[in-house]
Amino acid sequence: METYPIPMVPGPVRVPEEIRQVYLKDYGSGDLEPEFLELYNRTEANLQKILKTQNRVAIMTGEGMLALWGALKSSLKPGDRVLSIATGVFGYGIADMARSLGAQVKTVGLPYDETIRDWEEIDQAILAFQPKMITVVHCETPSGTLNPLEELGRLKKKHGAPLLYVDAVSSVAGTPVEVDAWGIDLLLGGSQKALSTPPSISFVAVSERAWEVIREVGYIGYDALQPFLTAQRDFYFPYTPYWHGVAALHTATELVLREGLEAVFARHDQVARFCRQRLQEIGYELFPVTRAVSSPTVTAVKVPPFITWDTLDRRTRQHGLVVGGSYGPLAGKVFRLGHMGSQADMDLMTRALDVLEKIFRR
Ligand code: PLP
C-alpha cells in the first residue's frame, strides 16, 4: 500500500508520535477500572478548556458523523422545527439529516463560496419560523470556509433561545470556538481533524437546556446522548469504552493546552496565510474568492484549467503529496489542502507547495 510523506488531506491528518505511542500500551477494561473514569474526566476537563465551556462533554466511540446524528436524534422529535443555516456540503447535509428524522426544516441557504453575512435575514427567519433548533457548520471543510458565529448566539437569545447546534468538527483546536460565549447548546467535534488523532472518537458539549430536551425526547439508541448524562456519576457507560481512543484524545488535548490555545491558533493562521498567498503567487486560483471568510484549517483551490482533478491527484501522489478532492457540486472542480493540527506546520506546507508549484510549471 502506498504511503505519502506529505499528507495534506483535510482529515484524517498525520498522528504525532506522542499520540501514536498511546496505542502501543496495554490497558484494562474501561467499564471496570476506575483509571478509565479518571482519564475520561481529565479528557472532558481539557475539552472544556479548549471549547471555553462549563458544559458537560460526552465523549463517544465513533467518528464525527456519530456526533452529528446522535445530537440530532437525541434532541428532535418528528414535527419539530429546525432552521438550518447552510453554506456548504455539511450545512445542507445536516438539513437533510434533520428532515429524515421527520423534522420540519427551513433552510437559509447560501452558495458554497459564501459565509454568513446577512444577520438581518437570519433574524427574520428565526422570528418567522420559531424553530426549536438552529443548525450551522462552523468550518465547511469541503469548501474551506468559516462561518462567524458570535452574532448567532446573540440572535438566539433574543428569540427565546432555540437550541443552537454547531458542527465544529474541522475547526475545534484550529481556531477559537467559544461554546459558552456564543450560546452553543450542542457543539460537535471529532478526533481526526485539528486534534490529530485517528478517526475514532467524537464529542458533544451539551448545555443544561439541551440536556433537558434530551431527557424529554428520551431517544434510545447506540448513538444516544442520554446515557452520558449519568455515565460518569454511575460509572456506567452505554458500551465498552474505547480506552486507547480516549487516551489518544487526552494526549492530543494535553499537547494543545501545553502549546497554549493562542499559540495554536496563531500557528494555524500563519500556515493558512502562507498557503493561500503562495498558491496565488504560483498562479492557482483559490475557491472562495471574495464573499467568504476563509478557514484557518483548510484551503480550497480551483483545479486549474490545464489539468483534470484525476491527473492532478495522480501527479501529486507521484511526488509524495496527497491532497483532498471535494464533494457534491465541487467534485472534480476543487481540491483542498488541510492545515489543521499536525498539518499546521510551515515546513510540511512548504514541501506541499513546492510540489504544487512543480505541477503548475509543468
Ligand atoms: N463535519 C464536518 C465539517 C466535516 O468536515 C466532517 C468530516 O470531514 C464531518 C462532519 C464528519 O466527520 P467524520 O468524517 O469524522 O465522520
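At-a-glance table
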quantity	calculated
Restricting the stretch 283-292 to residues that are surrounded by 17 or more Cβ atoms within 10 Å (Cβ to Cβ) and not aromatic (F, W, Y), the residue that is modelled with the highest pLDDT	L286
Only one of V177, V172, V108 that is in contact with an Asp or Glu (Cβ under 9 Å, 6 or more places away or on another chain) and either among the β-branched types (V, I, T) or within 13 Å of the ligand (Cβ to nearest atom) (or both)	V108
Matching residues in the stretch 315-348 - criterion: being of a type in the set (A, V, I, L, M), under 19 Å from P142 (Cα atoms) and either not in a loop (DSSP other than H, G, I, E, B) or not assigned by TED's automatic domain parsing to the domain that holds S294 (or both)	L321, V322, L330, V334, L337
Test: residue in the stretch 124-139 that is in the same structural domain as P78 (by TED's automatic domain parsing), closer than 20 Å to I59 by Cβ and buried (at least 23 other Cβ atoms within 10 Å of the Cβ)	yes
Number of positions in the stretch 287-300 that are closer than 20 Å to M340 by Cβ and either without any contact (Cβ under 8 Å) to a residue 40 or more places away in the chain or in a loop (DSSP other than H, G, I, E, B) (or both)	7
Which numbered condition F203 fails, given (1) under 22 Å from the mean Cα position of the chain (by Cα); (2) over 29 Å from P296 (Cα atoms); (3) of a type in the set (F, W, Y)	(2)
Boolean, V166 is within 16 Å of the ligand (Cβ to nearest atom), assigned by TED's automatic domain parsing to the domain that holds E63 and either closer than 25 Å to I214 by Cα or surrounded by 24 or more Cβ atoms within 10 Å (Cβ to Cβ) (or both)	yes
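Listed here are the residues, each with its yes/no results for (1) over 21 Å from L195 (Cβ atoms); (2) in contact (Cβ under 8 Å) with a residue 24 or more places away in the chain; (3) within 13 Å of the ligand (Cβ to nearest atom).
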position: Q54; (1), (2), (3): no, yes, no
position: L66; (1), (2), (3): no, yes, yes
position: P78; (1), (2), (3): yes, yes, no
position: F90; (1), (2), (3): no, yes, yes
position: S100; (1), (2), (3): yes, no, no
position: C139; (1), (2), (3): no, yes, yes
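The values are calculated or read from the model by the stated rules, or taken from the named source; none is laboratory data. Owing to the predicted nature of the structure, the values given are computational and were not obtained by experimental measurement. Virtual Cβ from ideal backbone geometry, glycine too; neighbours counted across all protein chains shown.
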